[in-house]
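Read-outs: derived from the displayed coordinates by stated rules, not from any lab. Worth saying up front: this structure is predicted, and the values here are computed from it rather than measured. Here Cβ is always computed from backbone atoms with ideal geometry, including for glycine, and neighbour counts include all displayed protein chains.
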Amino acid sequence: MIAVEKLTKKFGGHLVLDNITETIHAGEKIAIIGPSGSGKSTFLRCLNLLEQPTGGRIIFDGTDITGKGVDINKIRQQMGMVFQHFNLFPHLSILDNITLAPIQLKLMEKEEACEEALRLLRIVNLQEKADAYPGQLSGGQKQRIAIVRSLALKPKMMLFDEPTSALDPEMVGEVLEVMKGLADEGMTMAVVTHEMGFAREVATRVFFVDEGHILEQGTPVEVFEHPKHARTKEFLSKVL
Ligand SMILES: Nc1ncnc2c1ncn2[C@@H]1O[C@H](COP(=O)(O)OP(=O)(O)OP(=O)(O)O)[C@@H](O)[C@H]1O
Ligand SMILES: [Mg+2]
């Protein structure tokens, strides 16, 4: 699905991603864990070119998206991204928030976009909120809408950057449930998360990122039960 070749990213003189080569296959669920400042968000943001890599290539679904003449907006449609903060348009209803992009991008007629939005809202159990405004929703509800809004573009892959870390604890579960459902349906996912329970349960592979490297990776059992590197052990001892 996505091949990262010798990816580097510098901010000024500061090397944040150091020569990362990695492949994520269709259907994989990657949990990305690691200390604050290690480069997890930057890695994720480079995947869909929200950050321009300093060096290296990213091949998405057969296309070198770091090459010249690539329509990056088209690529981003196919790679949904959900952040810590939901970025819903406060002046638009939930239904309009979800259907805005598919209609503007002419992927669907209005009627079809609305039907699809309602179908997705039923999946996340928020169909009754279609005509509400973001300000009338809880944080967990808003984040479920943000996920639906990405899914409305029928992405091939979803990127999540700490989607639950701004939520009140009692709302974390409902968002993780939606993400589990997506994983079960076969969505390819890369998730930066501090939710180690989710990473253990849902991830097919875990990347431990440290100082701009994927220092260690493996199945959840390998990384959580049998970490090889001292840095991984130290990190896990703080978060588990
Ligand atoms: N736009 C930017 N300009 C300059 N430096 C940046 C920028 N974005 C990130 N950095 C730096 O790059 C490094 C990696 O940041 P990044 O946000 O990727 O870390 P992270 O692993 O996601 O951390 P956290 O767990 O706190 O979210 C940090 O030292 C950060 O200060
Ligand atoms: Mg981050």
Checklist outcome for this item: Within the stretch 2-237, the percent of DSSP beta bridges that are antiparallel, given to the nearest 5, stands at 55
Next on the checklist: From the phi angles alone, apply the Karplus equation (6.51, -1.76, 1.60; θ = phi - 60°) to the stretch 225-235 and give each ³J(HN,Hα) in whole Hz, x where the residue is Gly or Pro.
Outcome noted: 8, 10, x, 8, 8, 4, 5, 5, 4, 5, 4
Checklist outcome for this item: For the stretch 161-199 the GluC sites (Glu not before Pro) that pass both the DSSP coil test and the at-most-14 other-Cβ-within-10 Å test are 185
Checklist entry - Between residue 194 and residue 138, what FRET efficiency comes out of the Förster formula 1/(1 + (r/R0)^6) with R0 = 30 Å and r the beta carbon distance, rounded to 0.05? => result 0.90
Checklist entry - Classify the stretch 128-198: rounded, prolate or oblate, from the alpha-carbon gyration tensor (a ≥ b ≥ c, eigenvalue square roots; a/c under 1.5 rounded; otherwise prolate if a/b is larger than b/c)? => result oblate
Checklist outcome for this item: Here P(r) for the stretch 27-106, Cα-Cα distances in 10 Å bins, as whole percents, is 14, 39, 34, 14, 0
Next on the checklist: What's the ranking of 155-161, 98-104 by average number of surrounding C-beta atoms within 10 Å, highest first?
Outcome noted: 155-161, 98-104
Checklist entry - Relative contact order for the chain using alpha-carbon pairs under 8 Å, separation at least 6, rounded to a whole percent? => result 27
Checklist entry - Seen from all sides and averaged, what is the projected area of the convex hull of the Cα atoms in the stretch 200-240, in nm²? => result 2.7
Checklist entry - Which number do you get for Rg(Cα) / (2.2 N^0.38 Å) in the chain? => result 1.02
Next on the checklist: Is there a quick way to get the dipole size of the chain? I mean about its Cα centre, with the Cβ of Lys and Arg at +1 and of Asp and Glu at -1; what is the value in debye to the nearest 20?
Outcome noted: 560
Checklist entry - Going toward the positive end of the dipole of the chain, with +1 on Lys and Arg Cβ and -1 on Asp and Glu Cβ, which of 183, 80, 46 do you reach last? => result 46
Next on the checklist: Could you list 168, 210, 18 so that the one with the fewest beta carbons within 10 Å of its beta carbon is first and the one with the most is last?
Outcome noted: 168, 18, 210
Next on the checklist: Just want the ordering: 36, 165, from fewest to most Cβ atoms lying within 10 Å of their own Cβ.
Outcome noted: 36, 165
